[in-house]
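K.L.:
Here it is: the structure, laid out below.
The values are calculated or read from the model by the stated rules, or taken from the named source; none is laboratory data. No experiment lies behind these values; they were computed from the predicted model shown. Cβ placement follows ideal geometry from the backbone for every residue including glycine, while neighbour counts extend to all protein chains displayed.
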Amino acid sequence: MTDYYRLPLEYVDDPHALHDVLRAEGPVKELRLVHGLKVWLVSRYEEARTALSDPRISKDISKGGWLFEHHADSNSGKRMFDDVLNSHMLNADQPDHTRLRKLVNKAFTSRRVEMLRPRVEEITKELLDDMEGTVDLLDAFAFPLPITVICELFDIPTKDRDSFREWTTTLLTYNTQEAVAAAGAAMSQYLLGMVEEKRKAPGDDFFSALVHAEDEGSRLSEMELVSMAFLLLVAGHETTVNLIGNAVFALLRHPAQLALLKEKPELIAGSTEEFLRYEGPVNLATFRYTTEPVELGGVTIPKDELVLVSLLAANRDSARFAAPDELDVTRQAAGHVAFGHGIHYCLGAPLARLEFEIALRGLLSRFPDIELAGSPQELGWRDSTLIRGLITLPVRLGP
Ligand code: HEM
């Protein structure tokens, strides 16, 4: 068996150092992930955008699922996908993807997102009111804000929200197959119950709109609804949380940038793009595979190979962004790929931006003296190559 380069365990702690090496070597490298799966990792900006929008690089897990076992060097590829939860649009190609996305667009309109603004402001205020002294900013603020918003959007009762957080965490970090299967089964069972409820007694909530969304006579099936809800809930749980955490962590290590935002809060909205670029919450975009040989930046990836695009690496490519390792809240960072690119570009981007902006503005105006409680080196990163996020973020809020 060929001895491929394997990502070291420290990769989750410091992916940027390795990305610098990978980008310098070439746009795409064949390697094994920490847990043994062989993939082609795309690290340069231009090739990342090309790969994310090339229809020959598929996202259809129903056809390509076997590749995970095929390319595994141990049992790493056996972490198989739950059919019900995974038949969503992020795992579909055109034309299926188009049909699913059009239907969800009918329910997830920009009007509905904008209508959430006062509620996001209210939740932010309540959370800030409850904070004092030294807190874990993730637990006290960054987690509850987007989770409350997405759960309210889906009309999920408060008493069930902790279960959701447990299930999604299990599904997105390295876990045993049994744990993943159990969390998947529990979540799909729960969501199926919700779909049935919304069919019988629709409200004016987003989930009811999704259940009843119709486009040219087409509707989402039971399984598609469960899967779509799963996708949105997971995305809504695990991303904005870490954008807030990563951004605040970055600011606390860059006092001049922090001072600038406090002095000119009107810069906060524009700075969102720079925080997404500098340390976005998604490192590797979800798995793709080649349906035929594909040439990317002079490298030919054969057919039936798994492809991973590093959004973090692409966003720090000096060929696209000058001085990419510097945080500059005044930078024109639009064009970053933190929300992906192509047909799977993040559906929740407007909501994520809205939440982030309100959260950061609220936090800095209420606690202008916020500082790290402890040294940055003591903080650990989550054991995931998908999610880029801290395990905890202890801060002193000030007098
Ligand atoms: C897709 C990032 C928040 C819903 C994606 C993708 C990325 C991403 C990179 C594409 C993945 C790929 O192509 O492999 C982010 C980031 C967020 C965020 C950085 C926050 C800062 C959200 C929220 C929601 C959401 C709050 C839901 C309300 C989705 C959905 C897709 C998606 C449904 C799949 C779109 C499709 O397949 O057409 N997101 N996301 N995201 N995101 Fe987000």
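K.L.:
Condition (residue is in contact with a Lys or Arg (Cβ under 8 Å, 6 or more places away or on another chain), over 22 Å from F275 (Cα atoms) and crowded, with 21+ Cβ neighbours inside 10 Å) applied to segment 211-230: is it met by at least one residue?
P.N.:
Checked segment 211-230: at least one residue is in contact with a Lys or Arg (Cβ under 8 Å, 6 or more places away or on another chain), over 22 Å from F275 (Cα atoms) and crowded, with 21+ Cβ neighbours inside 10 Å.
K.L.:
Moving to a separate point now. Here are L296, L284, L312: which of them is closer than 29 Å to F68 by Cβ, in contact with a His (Cβ under 9 Å, 6 or more places away or on another chain) and surrounded by 20 or more Cβ atoms within 10 Å (Cβ to Cβ)?
P.N.:
Going through L296, L284, L312 in turn, the sole match is L312.
K.L.:
Could I ask something else about it? So if I check each of R112, R161, R219, R119, which one is touching a residue at least 40 places away in the same chain (Cβ under 8 Å), closer than 30 Å to L364 by Cα and basic (K, R)?
P.N.:
Values: R161 fails: touching a residue at least 40 places away in the same chain (Cβ under 8 Å); R219 fails: closer than 30 Å to L364 by Cα; R119 fails: touching a residue at least 40 places away in the same chain (Cβ under 8 Å).
None of the other options fit; the residue is R112.
K.L.:
For segment 256-297, how many residues are in a helix (DSSP H, G or I) and either over 16 Å from the mean Cα position of the chain (by Cα) or not aliphatic (A, V, I, L, M) (or both)?
P.N.:
Matching residues across segment 256-297 total 22.
K.L.:
Let me ask you something else. Among the numbered criteria (1) under 22 Å from P293 (Cβ atoms); (2) in a helix (DSSP H, G or I), which single criterion is violated by H16?
P.N.:
Failing condition for H16: (1).
K.L.:
In addition: Which one is farthest from V329 (Cα to Cα), of the residues in segment 268-302 that are within 9 Å of the ligand (Cβ to nearest atom) and of a type in the set (G, A, S)?
P.N.:
A285
K.L.:
Then there is this: L360 versus (1) part of a loop (DSSP other than H, G, I, E, B); (2) surrounded by 21 or more Cβ atoms within 10 Å (Cβ to Cβ); (3) of a type in the set (A, V, I, L, M): which is the lone unmet condition?
P.N.:
Evaluating L360 over (1) part of a loop (DSSP other than H, G, I, E, B); (2) surrounded by 21 or more Cβ atoms within 10 Å (Cβ to Cβ); (3) of a type in the set (A, V, I, L, M) leaves (1) as the failure.
K.L.:
Hey, another quick one. E238 - would you say it is within 16 Å of the ligand (Cβ to nearest atom), out of contact with any helix residue (DSSP H, G or I) (no Cβ under 8 Å at 6 or more places or on another chain) and under 23 Å from G348 (Cβ atoms)?
P.N.:
no
K.L.:
Which of the residues spanning segment 131-171 are within 13 Å of the ligand (Cβ to nearest atom) and surrounded by fewer than 18 Cβ atoms within 10 Å (Cβ to Cβ)?
P.N.:
Scanning segment 131-171 gives a single hit, E152.
K.L.:
I've got another one for you. Could you tell me which numbered condition E357 fails, if it satisfies all but one of (1) in contact with a Gly (Cβ under 8 Å, 6 or more places away or on another chain); (2) over 22 Å from R288 (Cα atoms); (3) within 16 Å of the ligand (Cβ to nearest atom)?
P.N.:
All conditions are met except number (1).
K.L.:
Also: Which numbered condition in (1) of a type in the set (A, V, I, L, M, F, W, C); (2) more than 16 Å from the ligand (Cβ to nearest atom); (3) touching a helix residue (DSSP H, G or I) at 6+ places or on another chain (Cβ under 7 Å) is the only one that L306 fails?
P.N.:
Of everything listed in (1) of a type in the set (A, V, I, L, M, F, W, C); (2) more than 16 Å from the ligand (Cβ to nearest atom); (3) touching a helix residue (DSSP H, G or I) at 6+ places or on another chain (Cβ under 7 Å), L306 misses just condition (2).
K.L.:
Looking only at residues that are surrounded by fewer than 18 Cβ atoms within 10 Å (Cβ to Cβ) and either touching an Asp or Glu at 6+ places or on another chain (Cβ under 6 Å) or aromatic (F, W, Y) (or both) in segment 50-77, which one is modelled with the highest pLDDT?
P.N.:
Filtering segment 50-77 for residues that are surrounded by fewer than 18 Cβ atoms within 10 Å (Cβ to Cβ) and either touching an Asp or Glu at 6+ places or on another chain (Cβ under 6 Å) or aromatic (F, W, Y) (or both), the one modelled with the highest pLDDT comes out as R56.
K.L.:
A further question on this structure: Considering every residue within segment 320-334, establish whether at least one is within 16 Å of the ligand (Cβ to nearest atom) and on the phi < 0 side of the Ramachandran plot.
P.N.:
Yes; the residues of segment 320-334 include at least one that is within 16 Å of the ligand (Cβ to nearest atom) and on the phi < 0 side of the Ramachandran plot.
K.L.:
How many residues does segment 5-48 hold that are under 22 Å from E326 (Cα atoms) and small (G, A, S)?
P.N.:
The total comes to 4.
K.L.:
Working only within segment 103-115, note down all residues that are more than 10 Å from the ligand (Cβ to nearest atom) and either assigned to a loop (DSSP other than H, G, I, E, B) or closer than 23 Å to R56 by Cβ (or both).
P.N.:
Scanning segment 103-115 gives a single hit, T109.
K.L.:
Name the pairs whose Cβ atoms lie under 6 Å apart, with the first residue in segment 225-246 and touching a residue at least 40 places away in the same chain (Cβ under 8 Å), the second more than 9 Å from the ligand (Cβ to nearest atom) and charged (D, E, K, R), and 6 or more positions between them or separate chains?
P.N.:
These pairs meet every condition: N246/E279.
K.L.:
While we're here: In the set A322, A247, A334, which member is buried (at least 23 other Cβ atoms within 10 Å of the Cβ) and either part of a helix (DSSP H, G or I) or over 17 Å from the mean Cα position of the chain (by Cα) (or both)?
P.N.:
On inspection, the qualifying residue turns out to be A247.
K.L.:
For segment 81-96, check the following and say yes or no: at least one residue is closer than 28 Å to N175 by Cα, at pLDDT 90 or above, in contact with a His (Cβ under 8 Å, 6 or more places away or on another chain) and surrounded by 15 or more Cβ atoms within 10 Å (Cβ to Cβ).
P.N.:
yes
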